[in-house]
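Asker: I'd like to ask you about the structure that follows.
The values are calculated or read from the model by the stated rules, or taken from the named source; none is laboratory data. No experiment lies behind these values; they were computed from the predicted model shown. All Cβ positions, even for glycine, are placed from backbone atoms using ideal geometry, and neighbour counts span all protein chains on display. Ligands, DNA and RNA are excluded from the accessible area calculation, which covers all protein heavy atoms including side chains. Shrake-Rupley method; radii C 1.70, N 1.55, O 1.52, S 1.80 Å.
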Amino acid sequence: MEIGDKDSDSVIDVQGLRRRYGPDGDKGFEAVRGVSFAVGRGELFALLGTNGAGKTSTVELLEGLERPSGGRVRVLGHDPYRERSAVRPRIGVMLQEGGFPSDLTAAETVRMWAGCTTGARPVDEALGLVGLAGRRNVRIKQLSGGERRRLDLALALLGRPEVLFLDEPTTGLDPEARHSTWELVRRLREDGTTVLLTTHYLEEAEALADRLAIMRQGEIVAAGAPGEVIGAYPARIRFAMPVGWFVGDLPPLAELGVERHEETDGRIELQTKELQRTLTGLLLWARDKDIELEGLDARSASLEEAFLAIAGDGGPVGAEAGVGAGAGFGAGRGR
């Protein structure tokens, strides 16, 4: 598949990106293997994968922390490694872990960081964005793990970045703080900030991302809007038949749009990519037979189900796994 249009709205452009550790041959390891994608201005793009899939190596190349072994990276039209001085003032980076001096207060830490940041926000504004205004005079060593993550985010936002890299931003946050962070990220995106997110919280990617990509063994194996990736996997209808009724008594399953069925301990599971059609036919049949389908539960596939299938060894790759899978995919708002 051809990579997408590289117009002025594409703020991240990656072509054939490779990163190798160690020498050529068996003694080395290729962590990123020919990855290509583009991210549009104001888009939130999530990069997903299990540990060791190549996400962090890819993001480090986008941030300009390392030189690619092959391929090309452009962020805001510049090579982030060779032209760091042109890129760094315009991006914000939230790493998985921050290294703050433990005896400084939250406000002192932000003030210190602001001294190295062009056009930095006022200290209180930065702390207020992440809900730490009331903790400004608390020393770092007295902050909880979740509060330190929020301080990491405050520093990433200090320079009003055009492109924001968020690496596991809500790890350690309680549910309320996590949802507050989601709302802040949504506001930033609405204001035009481009966000590249890595996360192990799949509901986070599903809630926030315009588009996402799933990596496996250094390659992108599925990509597209969350709904497109999820849509490649069947919905499930589960129920128990009344005593004396069996799966063979149901209407022809193919006519209901059922692709596969299983029966375990008296419960039946139907898998379908046409949930409404299948469920309607099933309920009309049950009404006509005047029977109750006990414990009836119908739901679409989740991003977690798709991720587990794709990121493992047996999931589909290429076009079957979602729009733009494999070679690359273009910039643009996916929703």
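Asker: How many of the residues in the stretch 189-226 are out of contact with any helix residue (DSSP H, G or I) (no Cβ under 9 Å at 6 or more places or on another chain) and part of a helix (DSSP H, G or I)?
Answerer: 1
Asker: Next up: Would you confirm whether or not the stretch 111-127 contains a residue that is part of a loop (DSSP other than H, G, I, E, B), open to solvent by 20 Å² or more (accessible area, probe 1.4 Å) and closer than 19 Å to ASP174 by Cα? So that I can check it myself, show each step before the final result.
Answerer: Keep residues of the stretch 111-127 that are part of a loop (DSSP other than H, G, I, E, B), which gives 115-122.
Among the residues that remain, those that are also open to solvent by 20 Å² or more (accessible area, probe 1.4 Å) are: 115-122.
With the extra rule that they be closer than 19 Å to ASP174 by Cα, the set shrinks to none.
Scanning the stretch 111-127 turns up no residue that is part of a loop (DSSP other than H, G, I, E, B), open to solvent by 20 Å² or more (accessible area, probe 1.4 Å) and closer than 19 Å to ASP174 by Cα.
Asker: Could you check ARG139 against (1) under 22 Å from THR58 (Cβ atoms); (2) in contact with an Asp or Glu (Cβ under 7 Å, 6 or more places away or on another chain); (3) open to solvent by 70 Å² or more (accessible area, probe 1.4 Å) and say which number it fails?
Answerer: Tallying (1) under 22 Å from THR58 (Cβ atoms); (2) in contact with an Asp or Glu (Cβ under 7 Å, 6 or more places away or on another chain); (3) open to solvent by 70 Å² or more (accessible area, probe 1.4 Å), ARG139 fails exactly one: (1).
Asker: Quick one: how many residues across the stretch 286-300 are in contact with a strand residue (DSSP E or B) (Cβ under 6 Å, 6 or more places away or on another chain) and assigned to a loop (DSSP other than H, G, I, E, B)?
Answerer: Number of matching residues: 2.
Asker: Follow-up. I'm checking my understanding of the structure. Among residues of the stretch 227-245 that are aromatic (Phe, Trp, Tyr) and not in a strand (DSSP E or B), which one is farthest from PHE29 (Cα to Cα)? First the steps, then the outcome.
Answerer: Our first condition is that a residue be aromatic (Phe, Trp, Tyr); within the stretch 227-245, this holds for 233, 239, 245.
This time we only want the ones that are not in a strand (DSSP E or B), so: 233, 245.
Numbers: TYR233: 32, TRP245: 57 Å.
Residue satisfying both the conditions and the ranking: TRP245.
Asker: Kindly evaluate THR264 against the criterion of being open to solvent by 70 Å² or more (accessible area, probe 1.4 Å) and either at pLDDT below 90 or not small (Gly, Ala, Ser) (or both). Before you say what the answer is, go through the steps one by one.
Answerer: Numbers: open to solvent by 70 Å² or more (accessible area, probe 1.4 Å): yes; either at pLDDT below 90 or not small (Gly, Ala, Ser) (or both): yes.
For THR264, the condition - open to solvent by 70 Å² or more (accessible area, probe 1.4 Å) and either at pLDDT below 90 or not small (Gly, Ala, Ser) (or both) - is met.
Asker: Looking at the stretch 237-247 only, could you name the residues that are at pLDDT below 95 and either of a type in the set (Val, Ile, Thr) or open to solvent by less than 70 Å² (accessible area, probe 1.4 Å) (or both)? Reasoning before the result, please.
Answerer: To start, the set of residues in the stretch 237-247 that are at pLDDT below 95 comprises 241-247.
Answer for the stretch 237-247, where residues must be at pLDDT below 95 and either of a type in the set (Val, Ile, Thr) or open to solvent by less than 70 Å² (accessible area, probe 1.4 Å) (or both): MET241, PRO242, VAL243, GLY244, VAL247.
Asker: Working carefully through the options ASP249, ASP210, find the one that is under 17 Å from the mean Cα position of the chain (by Cα) and among the acidic types (Asp, Glu). Quick ask: steps written out before the conclusion?
Answerer: Numbers: ASP249 fails: under 17 Å from the mean Cα position of the chain (by Cα).
Step by step, each of ASP249, ASP210 is checked, and only ASP210 is under 17 Å from the mean Cα position of the chain (by Cα) and among the acidic types (Asp, Glu).
Asker: Also: Looking only at the stretch 168-181, filter to residues that are open to solvent by less than 20 Å² (accessible area, probe 1.4 Å) and of a type outside the set (A, V, I, L, M); which one of those is farthest from ASN51 (Cα to Cα)? First the steps, then the outcome.
Answerer: Filtering the stretch 168-181 for residues open to solvent by less than 20 Å² (accessible area, probe 1.4 Å) gives 168-170, 173, 177, 181.
Next, only the ones that are of a type outside the set (A, V, I, L, M) stay: 168-170, 181.
On the way: GLU168: 12, PRO169: 16, THR170: 17, THR181: 23 Å.
The extreme case among them is THR181.
Asker: Moving to a separate point now. Quick one: would you say ASP24 is among the charged types (D, E, K, R), farther than 16 Å from PRO161 by Cβ and open to solvent by less than 30 Å² (accessible area, probe 1.4 Å)? Can you show your working first?
Answerer: Values: among the charged types (D, E, K, R): yes; farther than 16 Å from PRO161 by Cβ: yes; open to solvent by less than 30 Å² (accessible area, probe 1.4 Å): no.
No, not satisfied.
Asker: Follow-up question, since we're still on this one. Taking the stated definitions as given, is ARG148 among the charged types (D, E, K, R), in a helix (DSSP H, G or I), open to solvent by 50 Å² or more (accessible area, probe 1.4 Å) and at pLDDT below 95?
Answerer: Yes.
This table checks each residue for (1) over 19 Å from VAL93 (Cα atoms); (2) in a loop (DSSP other than H, G, I, E, B); (3) within 16 Å of the chain's Cα centre (by Cα).
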| position | (1), (2), (3) |
| --- | --- |
| LYS27 | yes, yes, no |
| ARG33 | yes, no, no |
| PHE37 | yes, no, yes |
| GLY42 | no, yes, yes |
| PHE45 | no, no, yes |
| THR56 | no, no, yes |
| ARG67 | no, yes, no |
| ARG72 | yes, no, no |
| TYR81 | no, yes, no |
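Asker: Kindly provide the set of residues from the stretch 89-110 that are more than 14 Å from ARG148 (Cα to Cα) and surrounded by 16 or more Cβ atoms within 10 Å (Cβ to Cβ), ordered by number. Before you say what the answer is, go through the steps one by one.
Answerer: The initial filter retains those residues of the stretch 89-110 that are more than 14 Å from ARG148 (Cα to Cα), namely 89-93.
Scanning the stretch 89-110 gives ARG90, ILE91, GLY92, VAL93.
Asker: Go over the candidates GLU269, GLU206, GLU219 one by one and state the one that is modelled with pLDDT of 95 or more, of a type in the set (D, E, K, R) and under 18 Å from ILE310 (Cβ atoms).
Answerer: Numbers: GLU269 fails: under 18 Å from ILE310 (Cβ atoms); GLU206 fails: modelled with pLDDT of 95 or more.
After ruling out the rest, the residue left standing is GLU219.
Asker: List every residue pair whose Cβ atoms sit under 6 Å apart, with the two residues 6 or more apart in sequence or on different chains, where the first one lies in the stretch 88-111 and is closer than 15 Å to LEU196 by Cα and the second, anywhere, is among the β-branched types (Val, Ile, Thr).
Answerer: As it stands, the answer is ILE91/VAL163, since those pairs meet every condition given.
Asker: Do any residues in the stretch 21-48 that are among the polar types (S, T, N, Q) have Cβ atoms under 9 Å from those of residues that are buried (at least 21 other Cβ atoms within 10 Å of the Cβ) and assigned to a loop (DSSP other than H, G, I, E, B), where the two are at least six apart or on different chains, and which pairs are they?
Answerer: From residues that are among the polar types (S, T, N, Q), the pairs are SER36/GLY328; SER36/PHE329.
Asker: Take LEU196 and tell me if it is surrounded by 20 or more Cβ atoms within 10 Å (Cβ to Cβ) and touching a residue at least 60 places away in the same chain (Cβ under 8 Å). First the steps, then the outcome.
Answerer: Details: surrounded by 20 or more Cβ atoms within 10 Å (Cβ to Cβ): yes; touching a residue at least 60 places away in the same chain (Cβ under 8 Å): yes.
So LEU196 fits the description; yes.
Asker: Let me ask another. Out of the residues in the stretch 205-226 that are out of contact with any strand residue (DSSP E or B) (no Cβ under 7 Å at 6 or more places or on another chain) and touching a residue at least 40 places away in the same chain (Cβ under 8 Å), which is most open to solvent (accessible area, probe 1.4 Å)?
Answerer: GLN217
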